[in-house]
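S.K.: Quick one: structure below, then a few questions.
What follows is calculated from the coordinates using simple rules that are stated; it is not laboratory data. Since the structure is predicted, the reported quantities are computational estimates derived from the model, not experimental observations. Glycine also receives a Cβ, built like all others from the backbone with ideal geometry; neighbour counts cover every protein chain displayed.
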Amino acid sequence: MIKYRCITNNPIMLDGEFQNIEFIDTDILHLFYCVEQEVCKGYRLLTHPLTGSIRPDITPYKSVLLSECGVELDRESIELIQKAIYYVYRLETNHAKPDWGINERLDFQFVDRDFIRNALAIN
Amino acid sequence: MKLTLGKFHVRDIQFSDKSYFHEGVLHICKKELAAHLLQDSRIKEIDFDIARPGESTRIVPVKDIIQPRYKVSGGGQVFPGFVGELDTVGQGVTHSLEGCCVATTGQIVAFQEGIIDMSGPGAKYNSFSRMCILAPLITPVDNIGKHAHEETVRIAGLKTAAYLGEMTKDLVPEETETFKTDPISDLSKLYPGLPRVVYTYMIQCQGLMHDTYVYGLNVKGILPTMIEPTEVLDGAIVSGNCASPGHKNTSLHHMQNPVILNLLRRHGKDLCFAGVIITIESALLADKKRSAFYASNLARLIGAEGAIITEEGGGNPETDLMLNCKYFEANGIKTVLITDEYAGRDGASQGLADVTPEADAVITNGNGNEYITLPKMDKIIGKLENVKIITGGNASSIGEDGSVSVEIAAIMGSLCELGYEKMTTRLR
């Protein structure tokens, strides 16, 4: 199993299944800015920030895996998180995010967790 | 390999006391088909409905779409690993019901599933509206988990399609089309002057509602591999993907993949079709990189000079698309990419989440953010309220007059990144 940090705004990730969860109660755009700050400190992206094909202007939740240790600046990680930030910003400024009910929110949380489970199962 | 598709044209579906196919009409005994599907103990209840081209009918939400097929000869059976015997497919004769499909419905999660309109402006966005559709309405047992629910509906759809296809078992097809591939070792000798083209087939595998199966295997974690194009046409690839309706590849899209069909039809004429490389779209960056260079190395190994690369879904798969492009081009293999876009409602924004300078030949199949209003339909198969919570819909999607306003991303297959529908880019 790889060692990782997980930066997330998905509350279901706090249920004890995963280690090194860093929960931030915020929207995806701000979450990605936080990830960008960590990448700038030398942490590498392990998962693509835009997991799945659920658009970030639709789902309220994302979880991003980063390397456990920050060593040196990783150009690919920086490029990728900045492209993801631009993509989210662009989609969100096009139209307002839907106001999801509790059942929909739980489903989004469930699917986001499944992406992380699957990613960790490969390694 | 040599595969003959024996085609039967379906002009209507009707419920009947007995299941049979006669003079273009599929007669279905609901009781018999229900009993067949209820062998799966995870299904509590099942019913069926029919939608026909031109009717004032809307199906929502839709999960998968499957073409009815039956293998008459050549070994194995359609959807190997799920319905038929687990054996190699892609050879012999397969019967195919044209102008007809199975559309599984039902809500597994509260989003991600699409709309089919059988008439009106929405009908122009996909080919399913021009088909006779059988919709199994599946109610799972109580407290079923989401993964089990998805699998139950997926398999029920495949079993239904195989059941319909089997009705033609002893009949003579109205027309046939034969596809033939050659061993890689013979290609240089057989087609010395023709450009050697490989098809790189990106498929999703990231978790619930985002998975794809090859011979029954969830492809998550595999290295890129080769498959005969006729195996794909024969149902070796099955969709468990629901992300999102406009640009997911349904099982029918895999069985009728237009890139494969066109490359096969042109093989030996103006190009040499060297094979299909299946490669995955993983959530992990290391997987993305590994898959991209490995796929490009496979292509180089078989002497490809050109590659067509198709994407499934959007967002992170655009990184896979661009990495594939980069590594293929670095290996001296010219690429053409096929995708769709989310370029804002006015179409003015950048349409892709990732790009690379090497991507200088890209075909788009439409802008998913395009916003349209679809008129009220007299009949709804499924639940109209779902329009508010599917991809492309919103809280205001249902008008007071019963009309529906959505992004075209909400319409099943509207932006198909295999180029299955009419919206595409053509060079003039």
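S.K.: To the nearest 0.05, how large is the calculated FRET efficiency for B:GLN39 and B:LEU171 if R₀ is 25 Å and r is the Cβ-Cβ distance?
M.R.: Values: r = 26 Å, r/R0 = 1.03.
Working from the Cβ atoms, E equals 0.45.
S.K.: Based on the inverse mean of 1/r over its pairs of different Cα atoms, what is the Kirkwood hydrodynamic radius of chain B, in Å?
M.R.: Numbers: mean 1/r = 0.0459 Å⁻¹.
About 21.8 Å for chain B.
S.K.: What lysines sit close enough to B:LYS7 to cross-link, taking a C-alpha to C-alpha distance under 18 Å and skipping anything fewer than 8 places away on the same chain?
M.R.: B:LYS71, B:LYS169, B:LYS180
S.K.: Can you compute the helix-only [θ] at 222 nm over the protein assembly as shown? Use -39500 (n - 2.57) per DSSP H run of at least 4 residues, normalise by all residues, nearest 500 deg cm²/dmol. Kindly include the intermediate steps, with their values, before the conclusion.
M.R.: Values: 11 runs with 137 residues, N = 551.
Value at 222 nm, helices only: -8000 deg cm²/dmol.
S.K.: What list of ³J(HN,Hα) values in whole Hz, one per residue of the range B:395-400 in order, does the Karplus curve 6.51 cos²θ - 1.76 cosθ + 1.60 (θ = phi - 60°) give from phi, with Gly and Pro shown as x?
M.R.: Karplus-based 3J(HN,Hα) across the range B:395-400 equals 4, 9, 5, 9, x, 4 Hz.
S.K.: Sort A:CYS34, A:CYS69 so that the residue with the fewest other Cβ atoms within 10 Å of its own Cβ comes first and the one with the most comes last. Intermediate results must be reported in sequence, preceding the final value.
M.R.: Values: A:CYS34 15, A:CYS69 10.
In increasing order of surrounding Cβ atoms, one gets A:CYS69, A:CYS34.
S.K.: Quick one: 3J(HN,Hα) in Hz for the range B:146-156, Karplus 6.51/-1.76/1.60 with θ = phi - 60°, rounded, Gly and Pro as x.
M.R.: 5, 5, 5, 4, 4, 5, 4, 5, 4, 5, 4
S.K.: Roughly how crowded by other chains is peptide A:40-49, in terms of the mean Cβ count from those chains within 10 Å of each of its Cβ atoms? The partial results should precede the final answer.
M.R.: Numbers: counts 0, 0, 0, 0, 2, 2, 5, 9, 16, 6.
Across A:40-49, the average partner-chain Cβ count within 10 Å equals 4.
S.K.: If we restrict to alpha carbons, what Rg and Dmax does the range B:283-428 come to, in Å?
M.R.: 18.4, 60
S.K.: Can you work out the Karplus-derived ³J(HN,Hα) for every residue in the range B:78-85? Use 6.51 cos²θ - 1.76 cosθ + 1.60 with θ = phi - 60°, whole Hz, and x for glycine or proline.
M.R.: Result, rounded to whole Hz: 4, 6, x, x, 10, 10, x, 4.
S.K.: Over 26 Å between Cα atoms: which of A:LYS62/B:LYS422; B:LYS159/B:LYS248; A:LYS83/B:LYS422; B:LYS146/B:LYS326 fall into that group?
M.R.: Details: A:LYS62/B:LYS422 34 Å; B:LYS159/B:LYS248 21 Å; A:LYS83/B:LYS422 30 Å; B:LYS146/B:LYS326 37 Å.
Cα-Cα > 26 Å for A:LYS62/B:LYS422; A:LYS83/B:LYS422; B:LYS146/B:LYS326; rest within.
S.K.: Let me ask another. Quick one: work out the % antiparallel among DSSP beta bridges in the protein assembly as shown, nearest 5. Display every interim value, and only then the final one.
M.R.: Numbers: 48 of 95 bridges.
Bridges in the protein assembly as shown are about 50 percent antiparallel.
S.K.: Now a separate question. How big is the equivalent ellipsoid of the range B:204-248 along its three axes, where each semi-axis is √(5λ) from the Cα gyration tensor, reported in whole Å from largest to smallest?
M.R.: One finds semi-axes of 18, 13, 9 Å for the range B:204-248.
S.K.: May I ask for the Kirkwood hydrodynamic radius of the range B:192-313, worked out over all distinct Cα pairs and given in angstroms to one decimal? If you can, show how the numbers build up before the last one.
M.R.: Values: mean 1/r = 0.0686 Å⁻¹.
Across the range B:192-313, the inverse of the average 1/r is 14.6 Å.
S.K.: Something else now. What ranking do B:CYS132, B:CYS29, B:CYS101, B:CYS205 get, fewest neighbouring Cβ atoms within 10 angstrom at the top?
M.R.: Working: B:CYS132 21, B:CYS29 15, B:CYS101 28, B:CYS205 24.
Arranged by neighbour count, lowest to highest, B:CYS132, B:CYS29, B:CYS101, B:CYS205 become B:CYS29, B:CYS132, B:CYS205, B:CYS101.
S.K.: Which of A:LEU65, A:LEU91, A:LEU31 ends up with the largest GNM mean-square fluctuation for chain A, with Cα atoms connected below 10 Å?
M.R.: Among A:LEU65, A:LEU91, A:LEU31, the largest GNM mean-square fluctuation belongs to A:LEU91.
S.K.: Considering chain A, what Rg and Dmax in Å follow from its alpha-carbon atoms?
M.R.: Considering chain A through its Cα atoms, Rg and Dmax are 13.8, 42 Å.
S.K.: Okay, next question. Can you list residues whose amide H is under 5 Å from B:ASP49's amide H, if they're 5+ apart or on another chain and H is modeled 1.01 Å from N?
M.R.: Amide H to amide H, under 5 Å and 5 or more residues apart or across chains, B:ASP49 pairs with B:ALA135, B:LEU137.
S.K.: While we're on this one: On average, how many beta carbons from a partner chain sit within 10 Å of the beta carbon of a residue in A:73-83? Please list the in-between numbers first.
M.R.: Numbers: counts 0, 1, 0, 4, 1, 0, 2, 6, 0, 0, 8.
Other-chain Cβ atoms within 10 Å of each residue's Cβ, averaged: 2.
S.K.: Skipping prolines and chain starts, which residues have an amide H placed within reach, meaning under 5 Å, of the one on B:ASN365, given they are 5 or more residues away or on another chain?
M.R.: Long-range HN contacts for B:ASN365: B:THR339, B:ASP340, B:GLU341.
S.K.: Could you give the C-alpha radius of gyration of the range B:112-222 expressed as a fraction of 2.2 N^0.38 Å, taking N as the number of residues it contains? Intermediate results must be reported in sequence, preceding the final value.
M.R.: Numbers: Rg = 20.1 Å, N = 111, 2.2 N^0.38 = 13.2 Å.
Normalised Cα radius of gyration, the range B:112-222: 1.53.
S.K.: Can you give the mean number of other chain Cβ atoms that lie within 10 Å of the Cβ atoms in peptide B:275-286? It would help to have the intermediate numbers written out before the result.
M.R.: Working: counts 0, 0, 0, 0, 0, 1, 3, 7, 17, 13, 12, 7.
For this peptide, the per-residue mean of nearby foreign Cβ atoms is 5.
S.K.: With a 10 Å cut-off between alpha carbons and a GNM built on chain A, which of A:ILE28, A:ILE54, A:ILE102 moves the most?
M.R.: For chain A, modelled as a Gaussian network with Cα springs under 10 Å, the answer is A:ILE102.
S.K.: Compute the convex hull volume of the Cα atoms of the protein assembly as shown, divide it by the residue count, and report the result per residue in Å³ as a whole number.
M.R.: Working: hull volume 81.6 nm³, N = 551.
Roughly 148 Å³ of hull volume per residue.
S.K.: Most mobile of A:TYR43, A:TYR61, A:TYR87 per a Gaussian network model of chain A (Cα springs, under 10 Å)?
M.R.: Of the options given, A:TYR87 has the highest mean-square fluctuation.
S.K.: Would you list A:MET1, B:MET167, B:MET412 from fewest to most Cβ contacts within 10 Å? Numbers along the way, then the final one.
M.R.: Numbers: A:MET1 7, B:MET167 20, B:MET412 29.
In increasing order of surrounding Cβ atoms, one gets A:MET1, B:MET167, B:MET412.
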